[in-house]
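Everything on this sheet refers to the single structure shown next.
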Amino acid sequence: MASKVQKGVAGRKAAKALDLTPPLKISKIVIALDTITMSLRKRLMKSKNASTKGMSKAVSEYSDALKAAKKRGAYLRAKKMLNSATEPVKAILDNKDKGDWLPAAPKNAKIWLSMKLDQKKWAQTRLTGAIQEMRAIIFPNKQVQFDIAGEVKPSISSIRGEKGMDFKDELPSPSKKRYNGHSLKGFERAHLWGHGFGDEAKLGLMYAPKALNQEVQGFGIEMFIRDLQLLAQHEGRKVFCHCRALSHPPKGKSNLSPGKGELLISDVFYEVTYEAKDGRKIVGRFVASISEPPESKVLIDKDQSLLTEI
């Protein structure tokens with residue numbers, strides 16, 4: 001199994017292989033994230049030189065200390081929660097068009113029930129309580145949109161390697177899949193809400209370019225969200241997130257089976273809310289689109305994306 005470092009290198013190589021220049025390079029996003037989290041480091045580490053440390057290092061030090069104190073008990077509790085994943089989250093939106101976090105569905109969209117899928121199967125989570133609302137809708141062109149919202153909780157990634165603890169293993173490998181006549185070899189199965197956010201949703205799993213899944217998401221916006229959750233936990237506060245992803249509509253020669261969850265990602269959206277002393281405020285928004293194969297370019301929407309100080 002590849003280490004985090006190896007995966008990071010692979011992700012960066014994949015990113016370099018794509019034209020990620022317009023309108024904003026990935027490197028700029030990473031720099032922006034690092035700049036914004038300087039104040040978080042100071043508050044988390046409580047030391048003069050904390051701001052000179054990498055956020056991931058600072059957070060890992062705090063995380064390691066936390067794990068050392070609660071390792072055995074936390075492991076058993078998390079394992080029990082994961083093993084109980086047999087029911088759908090109760091807040092899934094099926095017969096109503098909006099929830100506390102999710103806006104009203106577009107008028108021309110239909111709830112995914114019309115696809116005659118096993119809704120309970122696709123509504124499955126790890127029942128940690130992090131995910132509060134989920135929805136899948138279909139547009140007339142057969143493009144699918146997934147929405148997931150809830151509270152970001154401590155990561156449960158430590159046990160995702162155990163058998164049956166990762167929903168993506170139930171999605172066929174993309175290596176032999178084709179979209180519009182083009183091979184998806186080298187693509188990955190990407191979560192919309194994965195273990196790093198303290199829960200796992202089966203809904204929203206899609207095929208994605210490695211550059212998006214590892215570099216832009218895993219080592220970019222999702223890392224920022226995980227770091228922010230650790231700070232919030234340290235300060236007795238909460239972080240909430242609304243995630244959205246859309247698929248490319250069916251096109252040309254393709255052996256993807258949408259009814260089995262075999263979808264190719266076309267757009268991704270994250271909106272992060274922090275529970276500050278004076279109420280909740282949006283501190284981050286990330287919007288990107290992914291072009292069709294064979295280019296599969298990751299394009300960051302600079303106008304719609306934002307990052308702010310807490």
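The values are calculated or read from the model by the stated rules, or taken from the named source; none is laboratory data. Since the model is a prediction, treat every value here as computed from it, not as a measurement. Please note: Cβ atoms are built from the backbone with ideal geometry, for glycine as well, and neighbour counts cover all protein chains shown.
What the table below lists for this structure:
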| read-out | value |
| --- | --- |
| Filter pass, residue 142 being more than 25 Å from residue 305 (Cα to Cα), without any contact (Cβ under 8 Å) to a residue 40 or more places away in the chain and among the basic types (Lys, Arg) | no |
| Residues located in the range 258-310, provided they are touching a His at 6+ places or on another chain (Cβ under 7 Å) and either of a type in the set (Val, Ile, Thr) or over 15 Å from residue 248 (Cα atoms) (or both) | 271 |
| Lone qualifier among 277, 251 - being in contact (Cβ under 8 Å) with a residue 40 or more places away in the chain and surrounded by fewer than 20 Cβ atoms within 10 Å (Cβ to Cβ) | 251 |
| First in the range 185-210 and more than 18 Å from residue 155 (Cα to Cα), second anywhere and among the hydroxyl-bearing types (Ser, Thr, Tyr), Cβ under 7 Å, 6 or more apart | 185/175; 187/207; 189/207; 206/247; 209/296 |
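Table: residues versus (1) surrounded by fewer than 23 Cβ atoms within 10 Å (Cβ to Cβ); (2) at pLDDT below 95; (3) among the polar types (S, T, N, Q); (4) not in a helix (DSSP H, G or I).
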position: 186; (1), (2), (3), (4): yes, yes, no, yes
position: 204; (1), (2), (3), (4): no, yes, no, yes
position: 207; (1), (2), (3), (4): no, no, no, yes
position: 212; (1), (2), (3), (4): no, yes, no, no
position: 218; (1), (2), (3), (4): yes, yes, no, no
